[in-house]
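Take a look at the structure set out below.
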Amino acid sequence: MAFIELERVTKRFGGITAVEALDLAVDAGEFLTILGPSGCGKTTVLRMIAGLEIPDAGEIRIGGQTVFSAREGVIVSAGKRNVGLVFQSYALWPHMTVFENVAFGLAVRRTDRKTMDERVAEALSYMRLEDLGERYPQQLSGGQQQRVALARMLVTKPALFLMDEPLSNLDAKLRMEMRTEIKRLHRENRATTIYVTHDQNEALTLSTRIAVMKKGVLQQLAPPRIIYRKPASLFVADFVGSPTINFIQGRIDRMQGALAFHGDDVVLSLPAGPGAAGQAVVAAVRSEDIRLLIAREEGAVNAEIDSVLPAGADVILKVRKEKTVLTVRQTGEFSGEVGDPVYFQIPPEAISLYDPETGMLLSSE
Amino acid sequence: MPATLRARWNRLRFAAGQPHVMIGWLVLMLLAVVVIAPFFQMVHDTAVWQETDRRVSRDAEPGQWTAFHYDRVFSSRLSHAIFYRPLLNSLATSISISLLAMLIGGSMAWLLVRTDLPFRRALSLFAVIPYVLPSYTLALAWLDCFRNERVGGAMGIFQYLTGISSPDWLAYGYLPIVITLSLHYYPFTYLLLSGALVSVDAHLEEAGEVLGASRGRILRKITFPIVLPALLSAFILTFSRALGTFGTPYFLGAPVRYFTLAATIYTNVVNRTPAVAYISALVLILISMGIIYANQRLTASRSFVTISGKGFHHGLAPLGWVRYPALVFAGGVILLGVFIPLALLFWQTLMLYPNDYSLQNLTLHFWIGASSPELAEGESGILRNEQILGAAWNSIRLSVLVALLTGMLGILIGYAVVKGKKTWLAALVEQGSFLPYLIPSIAFGAIYLSMFTGPIGPVPALYGSFFLLATICMAKNLPFSARSGISAMLQVAGEIEEAAVMAGAGWWQRFRKILFPLTLTASLSGFILVFIATMRELSLIILLVTPNTRTLTTMTFRYVEQGYAQFADAIIVLIVLIVIAGEFLARRFGRKEPV
């Protein structure tokens, strides 16, 4: 049995359905990230697991215990679910010192003074905050505040860590640092973690599995590599990956015995797989999968450079063939200029095909 | 199916057990008792024969339905004198006051916020003081200055100095009411407009300047439309306050029988025709509601998002040679609104005989003198007068109690509203706590008079009790404290509180350890403001005080009626001292914003 189970959980706010009949199972020790654009319901899911939001329907179980059931009328209050939550705003209490902030959860549980001092000291040193116990939150940097919030969550030893976009208020450099920190936290504590973010890079680096949501509905639940390489729908394909994946409208045709993709301006060979001749499809190709060539080769498409945007280690280019413009990510230097002719090639296995009506990935099954 | 029934019951119990839901219901019940029920009782009383009606009509059968009072007010031969004339006076004074106050307050705001007027800082320190003073301070000072012997007994200083007996139109009625109340109420416009002007990004104006618009055109076409909603709110606020104020129109109008509706409410109660007073109160409430509703309709479609948080830069308009006349204007407003009246009042308290302004006439008798049969019918100076000291004690304990109660209630309302977010209960609590705002002070007093003169079920008649005064002051100040409670809670009731929920803290722990400490500083300045408002309150409680529950303000009123300007003025000076001390405290604590 999974550690956390959500069964057909639904939540409405007024007339708007924030989460629609969500089924989700998370194993003990997993790091699950819920990813999606703002307003997709991801934070609501987290808050329902925490007990801060009461679902309208469905059932939630944590560690085998039913904490919510619409059918049975069970509602276990947030404080009794043994879960820890880190808020987007950190929500540190400004009138308490760092020590008092961390100690609060223990004080509420009537822990004796000695144990409390020990455990707070332990949590603070674990988050490398030993010397800051007497400071007030306003006197700390953003990264330090974030660590206090984590220490406050750790100190009561919850079985489940919940994190609601904890890094969104930090600058880019600190964010990288804190990602490492959160990964260490997960590894060393072996606590099941559910992490909410709209930042795909965070999701891809941290998670063991990612749940992509859109408008309250789960789109795909899979390990990061699958989410990135084989997105289940056009929405997931479009949302994950930077620069954005290339979409080309067209249909499948038979060409010299094999199946090929015919767009308005390009023809691409396809691997053996799903799809039948004559079917309208959308082909999706990641920018790094497109190979640029200086000279013509067999099967290459000729095009023209539309723009060049150097980005440190990479160069992001746009290449144009008639009305079709594709984004290409090229590692290392690139010497071409806007207007130069160029050739590109797309390996057949890098192409995913989607049904333009349903937006779903065409699969062999 | 019993399972779903039990599930429903469990959910309902959970929802009702949420603290913000319970508090919401409690607040609604409280509002029903202190505002809504009294209002309907008053409406009921207007349509039912009263005991006192036996004097005026042989048909009177107390307790039976009748249209008699409505006939009397709207369509009898008395109507003109008891209703239409006062109504016109009320509208004329209120509209004139609002316009003049807007003109003064608007000019002050622009001069002090947006120009290079000399001494801007110092002037802005004093600019709001007139509103902190009791509203009739200026009226009493006006009387000290322009009183004439024909109507007012002793002559004022104007006559003493010039030898000219001031004409009635200058001394009493419309003109002085409008001038004194405009000087009292202009800080509304000043505060609202300077707030709006500060939030107008000077870039908006500079964008116009770059396009070649003249200064006047920018002011007319850019600045003015942006601050218009604030200006409208200021007008409404001033108008509804002016409509419900009793002290000044009565002090300045009564000597020449110039009565506003607020004043007739008082005289009708005193003359034992309360139902007539209730109808007038109803009319005041309707006018006030109508105009506030109109304002909301108007401003709802006209608000602009001009406040984007940080770092506006402000260009100060250079005034050039106009700065000197402008300085005279701004300085003059503050001199006339604060310093001259207070000096006059203070001087008056030192005068043995009220019409002799020479130095030989000075005495401290009215402050510290012992009782002497030759003077003021044996009344001793206010600092050793038991009645006045008793009233002072009443005033202070009333103000402290009301401030505490209202402050706590405001925090609780804030919690119910902010936590309930978009539930109908939260919306109802928020709107409900705004209700007292729609009821002009004197009308509020009338409502309470009708409700609490007799026993209600097991509850004895509350009229004449200290408890009733505290209740009405609390109810009247509720909109203000609810608003400050809501804004204080908005800062702490979200994730800050949820973090404590996650830590396992129960509601009481959360409230005591997190919410209360964090809203305390914000509530403290609110506390002091309610203290000040209650300290100088007259219109609200004038109908409800009895000799046992006298406050300083009602004592002043009594002395003015008896013609002892020195005593009345001395008490005012006392109130002003207490209130200004409060104002300084408010500023000290108000500065420290929570979080």
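The values are calculated or read from the model by the stated rules, or taken from the named source; none is laboratory data. All values reported here derive from a predicted model rather than from experimental measurement. The area values use the complete protein model at the heavy-atom level, side chains included, leaving out ligands, DNA and RNA. Shrake-Rupley method; radii C 1.70, N 1.55, O 1.52, S 1.80 Å.
What the table shows:
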read-out	value
Å² per residue, accessible surface of the protein assembly as shown at 1.4 Å	45 Å²
Largest to smallest accessible area among B:102, A:163 [probe 1.4 Å]	B:102, A:163
Ranked order, A:147, A:128, B:121 - accessible area, probe 1.4 Å, largest first	B:121, A:128, A:147
Helix-only CD estimate at 222 nm, as mean residue ellipticity for chain A, using -39500 (n - 2.57) per DSSP H run (n ≥ 4)	-7000 deg cm²/dmol
Per-residue SASA entry for residue B:71, accessible area with 1.4 Å probe, Å² rounded to 10	80 Å²
Heavy atoms of residue A:5: accessible area, 1.4 Å probe, square angstrom to 10	40 Å²
Surface share of carbon and sulfur [accessible, 1.4 angstrom probe, percent] for chain B	66 percent
Complex-versus-alone comparison for the range B:490-510, residues with a loss of 50 Å² or more in accessible area, probe 1.4 Å	B:495, B:496, B:498, B:499, B:502, B:503
Rounded if a/c under 1.5, otherwise prolate or oblate - chain B, Cα gyration tensor axes	oblate
Ellipsoid equivalent to the protein assembly as shown - semi-axes via the Cα gyration tensor, in Å	70, 34, 28
Ranking by accessible area, most exposed first, for A:93, B:25, B:9 with a 1.4 Å probe	B:9, B:25, A:93
For the pair B and A, total buried accessible area rounded to nearest 100 Å², probe 1.4 Å	2300 Å²
Cα principal axis extents for the range B:197-287, largest first, Å	67, 26, 17
Prolate/oblate/rounded call for the range B:323-447, Cα gyration tensor, a/c under 1.5 rounded	oblate
Tensor-based shape of the range A:1-84 (alpha-carbon gyration tensor, a/c under 1.5 rounded, otherwise prolate or oblate)	oblate
Relative contact order %, chain A, counting alpha carbon pairs below 8 Å whose residues are six or more apart	15 percent
Accessible area of residue A:179 in the full protein assembly, 1.4 Å probe (Å², nearest 10)	40 Å²
The range B:40-100: projected area of the alpha-carbon convex hull, averaged over directions, in nm²	5.3 nm²
Under 22 Å from the Cα of residue B:419 - lysines, other chains or at least 8 residues apart	A:11, A:42, A:80, B:513
Amide H contacts of residue A:255 (H built 1.01 Å from N, under 5 Å, at least 5 apart or other chain)	A:260
Part-to-part distance (alpha-carbon centres) for the range A:84-102 and the range B:222-279, which is given in Å	50 Å
Value of relative contact order over the range A:140-258, rounded to a whole percent, pairs C-alpha under 8 Å and six or more apart	16 percent
P(r), alpha carbons of the range A:96-190 - 5 Å bins starting at zero, rounded %	2, 13, 25, 24, 21, 10, 3, 1, 0
Cα centroid separation, the range A:1-50 to the range A:227-248 (Å)	22 Å
Gap separating the Cα centres of the range B:136-169 and the range B:521-558, nearest whole Å	28 Å
Rg over Rh [alpha-carbon atoms, Kirkwood Rh] for the range B:437-549	1.12
